[in-house]
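Shown next, in structure tokens, is the structure this report addresses.
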Amino acid sequence: MFRGDDERLVRLDLIASVAQSQRALARVLDTIADVSVVSPAAARSIADNIRLLSGLQQSMAAAVTGIRFREIRTGRPGKPWLAASVCADAAGSGRQTPGGNGD
């Protein structure tokens, strides 16, 4: 067996492990739905643990695939930024600039 084949098998095994972990987390989420009615504090604790496990799974998936996932940000988005040359080009061609009315 070649070195590349070994690496590929290890990656596939890690992906299978993450998939199995996802199925387990889905079962835990079902349990949280049942527990949250009886004990909100226990449900919060389980939800916090799930958040940690999800982060670990995301790190493993990123390491295996090489794809990095961006952190989700909440809040008000900022105004769009355009380089001065883009605004000047748009004004010179008679096209409207984004957010403008063509004046």
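Computed from the coordinates by the stated procedures, all read-outs in this text should not be read as laboratory data. Quick caveat, the model's predicted, so the values are computed rather than measured. Backbone-built Cβ (ideal geometry, glycine too); neighbour counts: all protein chains shown.
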Reported set for segment 69-90 where residues are exposed (fewer than 11 other Cβ atoms within 10 Å of the Cβ) and either within 30 Å of SER54 (Cβ to Cβ) or touching a Ser or Thr at 6+ places or on another chain (Cβ under 7 Å) (or both) is PHE69, ARG70, GLU71, ILE72, ARG73, THR74, GLY75, ARG76, PRO77, GLY78
Could we say that PRO40 is over 14 Å from the mean Cα position of the chain (by Cα) and in contact (Cβ under 8 Å) with a residue 12 or more places away in the chain here?
no
Tally of residues being of a type in the set (A, V, I, L, M, F, W, C), part of a helix (DSSP H, G or I) and closer than 24 Å to GLU7 by Cα across segment 24-68:
6
With respect to SER54, determine if the residue is among the polar types (S, T, N, Q), in contact with a Leu (Cβ under 8 Å, 6 or more places away or on another chain), under 20 Å from SER21 (Cβ atoms) and without any contact (Cβ under 8 Å) to a residue 60 or more places away in the chain.
yes
Residue that is surrounded by the most Cβ atoms within 10 Å (Cβ to Cβ) [pool: residues in segment 40-56 that are over 22 Å from ILE72 (Cα atoms) and touching a helix residue (DSSP H, G or I) at 6+ places or on another chain (Cβ under 9 Å)]
ALA43
